[in-house]
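The values are calculated or read from the model by the stated rules, or taken from the named source; none is laboratory data. None of the values given here were measured: they were computed from a predicted structure. All Cβ positions, even for glycine, are placed from backbone atoms using ideal geometry, and neighbour counts span all protein chains on display.
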Amino acid sequence: MGRGRTDEFRKDAVRIALISGLTRKQVADDLGVGMSTLNKWITAHRDPDVVSKEDLSLAQENDRLRRENRILKEEREILKKVPGRRPPVRSINSLCYAAPEGQLPIAYWWDGPR
């Protein structure tokens, strides 16, 4: 038999689920409720009183940034696996010093590989 949860508990659960950045599964597990129960609460209690517009816009921005970050990580992993690719040179557009054996060094700007 299910536990009787207060309206305040349900509203807090909805707020946490919508603005925390955690997955609904994580929130449901943390709160000790079922996933379908949490989804029903979100459907029933999603109103301006529970989540302010500012919190909602921050949550949407977090979601967008998380997606972008995931995509960039995937792209980086793919590029790591390209055969024959050398790691990037970190001294692009930097001042370099070079000198043949026994001579004073000459400074020059290096613009990276061409």
Checklist line | Filtered residue count, the range 16-34, keeping only those that are at pLDDT 85 or above and either surrounded by 18 or more Cβ atoms within 10 Å (Cβ to Cβ) or part of a helix (DSSP H, G or I) (or both) | finding: 11
Check: Taking interchain pairs and intrachain pairs at least six residues apart, which have beta carbon atoms under 9 angstrom, with the first residue in the range 1-13 and farther than 10 Å from TRP41 by Cα and surrounded by 10 or more Cβ atoms within 10 Å (Cβ to Cβ) and the second of a type in the set (S, T, N, Q) and at pLDDT 80 or above?
Finding: ARG5/THR37
